[in-house]
Amino acid sequence: MAAINLPLPRQRAASPARLPKGAINTWVLAGMAVLGISAVLPVLQDSTATSRGFQIQDIQASNAKLESQISQAEADVAGLTSLARIQRRASEIGLIPGLNPVYVTVTEPGPAPAKLPAEYLPGTSPSQAGPDSWWQPSDSSGQPPPR
């Protein structure tokens, strides 16, 4: 009976298989990989943003250069089309102003589809407009009554 009063020997709980000494746990390896990747990502993002910034500066510089070339070309065109230059060049090659201009009236209509830009075509006549506002009565001329 003396054996009954003795505590039972502790049984070890089932534990995971122990790794041999010096072996690496895969969870530790995965954690280190995640930590390494999370440390490298901000550096990659920063370098990408920096290189894009340089690309944007290069594009802006080329845009400014092209705009200056366009401005220079416009100035050249303006200088070449000035009336004083045209008169000077005409006198250099022996042209003189006409003394008696002849005006020719053409009664034939032009081709059906106009070959001119719309800004040079005669405008359409405005149609008769209705009253200025719908809440004010108007007389027969389309004008509101005087106040």
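The values are calculated or read from the model by the stated rules, or taken from the named source; none is laboratory data. Remember, it's a predicted structure, so these values are computed and weren't measured experimentally. Cβ coordinates were reconstructed from backbone atoms using ideal geometry, including for glycine residues, and neighbour counts include every protein chain displayed.
At a glance:
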quantity	calculated
Matching residues in the range 79-101 - criterion: being of a type in the set (Gly, Ala, Ser), surrounded by 10 or more Cβ atoms within 10 Å (Cβ to Cβ) and at pLDDT 90 or above	90, 91
Hits in the range 102-120 (condition: of a type outside the set (Val, Ile, Thr) and either assigned to a loop (DSSP other than H, G, I, E, B) or surrounded by 10 or more Cβ atoms within 10 Å (Cβ to Cβ) (or both))	103, 108, 109, 110, 111, 112, 113, 114, 115, 116, 117
Pairs where the first residue, in the range 29-48, is assigned to a helix (DSSP H, G or I) and the second is surrounded by 10 or more Cβ atoms within 10 Å (Cβ to Cβ), C-beta under 7 Å, 6+ apart	none
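Residues are listed down the side, and each one gets a yes or a no for (1) within 30 Å of residue 121 (Cα to Cα); (2) more than 45 Å from the chain's Cα centre (by Cα):
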| site | (1), (2) |
| --- | --- |
| 53 | no, no |
| 58 | no, no |
| 66 | no, no |
| 74 | yes, no |
| 77 | yes, no |
| 83 | yes, no |
| 87 | yes, no |
| 105 | yes, yes |
